[in-house]
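Since the structure comes first, as C-alpha cells, the remarks are kept for the end.
The values are calculated or read from the model by the stated rules, or taken from the named source; none is laboratory data. Treat the numbers as computed from the prediction; the structure is a model and nothing was measured. Every residue, glycine as well, gets a Cβ built from its backbone with ideal geometry; the counts of neighbours run over all protein chains shown.
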Amino acid sequence: MAQDAQQGVGGTAGARLDLTGILERTLGGQPLSTEEGTRLAEGPPEELPALLEAAEEMRDRGHGRRVSFSRNVFLPLTNLCRNRCAYCSFRREPDQPGQHTMTFEEVRHECRRAFRAGCTEALFCLGDRPESLWPSHQETLRQLGVDCTAEQVAVACRIALEEGLLPHTNAGALTREELTLLKRCNVSMGLMLESASPRLAGKGMPHEASPDKAPGVRLRVLRDAVDLRIPFTSGILLGIGETPRERVEALVLLRDLHLQEVIVQNFRHQPGLLIPGDAEPDAEEVARTVAVARLLLGPEVNLQAPPNLNPGGHRLLLRAGINDWGGLSPLTRDYINPQAPWPHAEALAQTCAEEGYVLAERLAIYPEFVEEPGYLDGGLLNTVRERSRELGVKP
Ligand code: SF4
C-alpha cells in the first residue's frame, strides 16, 4: 500500500508503470501493487500477449503444466434467497415456477446416482437464509425436521458423506457459529466475494436489494472461515458493473487471505435478467483479468475459471495462468448426451493436451490443505485420505 501511495505522487510514477517493468518486477518476486494491477487490467489490446506470457510463466512455476478439475454433482438445496441480485437466474420466490427445496430423500438419491457415475464431490449451492424472509419456508424446514438452513445443509452433507461423496458447500453469508457447524461435515466451503465495491449496492446497481452482498459482510465471512481453518474458496465476478480497478482491489483483498482457491467468474446473460446483455465480458477481457489475477496472487495460488462460462476461451484461459477448471458434472452431460459418457472432461482433456497441459482429477479439497493441521477433523481426514488413495492424488 505504501508503494501505491508513492506512485500517486512524484515524477517516477509513469516510469514505474511501464508494462515491461511491471512484468519484470512481478516475475522477479515483487508483489504487484493495486496501481500496477490496475495498469495491467486497463492496458490496450496489443499488450495482451505479453501479459499472458508472464502469467503463464508464473503459473508454470507454481503448478507446472497440470490443470485440475473435480468431478461433482450440483445439489441446489433451495433456490429461495433473501437477496435480489440483478444478474441472478437461480433465485425463485415461493409459488414461482421452478421453485424447489430438495427433500433429504432427493439428496440421497442424487448422491447415490453421482457416486455410481464416478463423482467425488457433492456441491451444495443454495440461496441466502430464505427463512428470514418467508414464514412459509420456516414451515418447510420444520417439515424437513430442522430449525434453520444451516442445519438443513448439515444433514444434507452427512447424507453425502454416507453415500461416499465429499461435501463442498456454498451457502451464502454464514455466521461464525454456522461456519463452525458446517466445517464438521464439509471438506471445503466457499463464498464469492464477487466485488469489494460498495458502489455496486447503490441505487439502480446490481446489489441494491442484496444485503448479504455488502463487501463488509462478505469479508467478515471470509476472515471467519480462514480463522476457523476451513479450506475455503472465493473469487470475483466480472461484468456486473465493476471497473478494472475495482476488480484489482477485490483481488488484493483476497490475496491477503489464506484461501484454497480463487475463482475468476464471468457473468453470462440470460433472458429476463435485470442487467443488460452487453455487460458480458468477452473472452479477451476474461483472459486479461485471469492473467492479472495470476500475477497479483502469485505462482502457488489455485486459480480457477469455469469452462462452461467460457466455451470458446479454453485455450486463452490456459495461457492466462489458470491451474484449475472447477467442477465438471458428468450427470448433467449424461442427461444431455447419454450415449457419450464424460464428454466434457474428455473434450477438455483433449484441448489441454493440444496446448501442452495435462488434465488431472482432484478432490473438493486441494492436496496441500489435507494434512495441514487444523483443517480437517479426524473422521473427515480419514475419508479424504481414503479417497485420495483411490484417485491417486497425493495429500
Ligand atoms: S445471493 Fe444473489 S446471486 Fe446468490 S442466489 Fe441470492 S439472488 Fe442469486
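From the list Glu285, Glu249, Glu242, exactly one residue is within 16 Å of the ligand (Cβ to nearest atom), more than 15 Å from the chain's Cα centre (by Cα), closer than 20 Å to Thr34 by Cα and not in a strand (DSSP E or B). Which is it?
After applying the criteria, what remains is Glu242.
Results for (1) within 27 Å of the chain's Cα centre (by Cα); (2) modelled with pLDDT under 95, shown as yes or no for each residue.
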site: Gly10; (1), (2): no, yes
site: Leu17; (1), (2): no, yes
site: Glu24; (1), (2): no, no
site: Gly29; (1), (2): yes, no
site: Glu36; (1), (2): yes, no
site: Leu40; (1), (2): yes, no
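Summed over region 141-167, the residues that are within 16 Å of the ligand (Cβ to nearest atom) and either of a type in the set (Phe, Trp, Tyr) or surrounded by 23 or more Cβ atoms within 10 Å (Cβ to Cβ) (or both) give a count of 3. Filtering region 55-84 to residues that are in a helix (DSSP H, G or I), of a type in the set (Gly, Ala, Ser) and surrounded by 21 or more Cβ atoms within 10 Å (Cβ to Cβ) leaves only Ala55.
Can you work out which of the residues in region 116-134 that are in a loop (DSSP other than H, G, I, E, B) and not β-branched (Val, Ile, Thr) is nearest to Tyr366 (Cα to Cα)?
Among those residues, the one meeting the criterion is Cys119.
Is region 222-238 home to any residue that is surrounded by fewer than 21 Cβ atoms within 10 Å (Cβ to Cβ) and closer than 20 Å to Arg59 by Cβ? Checked against the condition, which is being surrounded by fewer than 21 Cβ atoms within 10 Å (Cβ to Cβ) and closer than 20 Å to Arg59 by Cβ, region 222-238 yields no hits at all.
Matching residues to (1) of a type in the set (Asp, Glu); (2) assigned to a loop (DSSP other than H, G, I, E, B):
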residue: Ala114; (1), (2): no, no
residue: Asp147; (1), (2): yes, yes
residue: Gln152; (1), (2): no, no
residue: Thr169; (1), (2): no, no
residue: Gly172; (1), (2): no, yes
residue: Leu182; (1), (2): no, no
residue: Cys185; (1), (2): no, yes
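The single condition among (1) surrounded by fewer than 16 Cβ atoms within 10 Å (Cβ to Cβ); (2) away from the ligand (no atom under 16 Å from the Cβ); (3) touching a residue at least 12 places away in the same chain (Cβ under 8 Å) that Glu46 does not satisfy is (3).
Restricting the first member to region 77-104 and to residues that are in contact (Cβ under 8 Å) with a residue 24 or more places away in the chain and among the β-branched types (Val, Ile, Thr), and the second to residues that are more than 13 Å from the ligand (Cβ to nearest atom) and in a loop (DSSP other than H, G, I, E, B), the beta-carbon pairs closer than 8 Å and six or more apart or on different chains are Thr78/His100; Thr78/Met102. Within region 128-140, identify whether any single residue is in contact with a Cys (Cβ under 7 Å, 6 or more places away or on another chain), crowded, with 16+ Cβ neighbours inside 10 Å, among the charged types (D, E, K, R) and free of Cβ contacts under 8 Å to residues at least 24 places away in the same chain, and answer yes or no. Looking through region 128-140, at least one residue is in contact with a Cys (Cβ under 7 Å, 6 or more places away or on another chain), crowded, with 16+ Cβ neighbours inside 10 Å, among the charged types (D, E, K, R) and free of Cβ contacts under 8 Å to residues at least 24 places away in the same chain. Only one entry in Gly21, Gly29 is at positive phi and free of Cβ contacts under 8 Å to residues at least 40 places away in the same chain, namely Gly29. Only one of the numbered conditions (1) away from the ligand (no atom under 13 Å from the Cβ); (2) part of a loop (DSSP other than H, G, I, E, B); (3) under 20 Å from the mean Cα position of the chain (by Cα); (4) not small (Gly, Ala, Ser) is violated by Tyr87, and that is (1). If the condition is being on the phi > 0 side of the Ramachandran plot and within 14 Å of the ligand (Cβ to nearest atom), then region 90-110 contributes only Gly98.
Checking region 211-219 against the condition returns no match, with no residue being surrounded by fewer than 19 Cβ atoms within 10 Å (Cβ to Cβ), of a type in the set (D, E, K, R), modelled with pLDDT of 95 or more and not in a strand (DSSP E or B). Applying the condition of being touching a Pro at 6+ places or on another chain (Cβ under 9 Å) and within 14 Å of Ser68 (Cβ to Cβ) to region 371-394 and asking which residue is surrounded by the fewest Cβ atoms within 10 Å (Cβ to Cβ) yields Lys394. Taking the criterion of being in contact with a strand residue (DSSP E or B) (Cβ under 7 Å, 6 or more places away or on another chain) and within 25 Å of Pro211 (Cβ to Cβ), the residues of region 103-147 that qualify are Leu123, Phe124, Cys125, Leu126, Gly127, Pro130, Trp134, His137, Thr140. Does region 111-125 hold any residues that are in contact with a Cys (Cβ under 8 Å, 6 or more places away or on another chain) and within 14 Å of the ligand (Cβ to nearest atom), and which are they? Across region 111-125, the qualifying residue is only Phe124.
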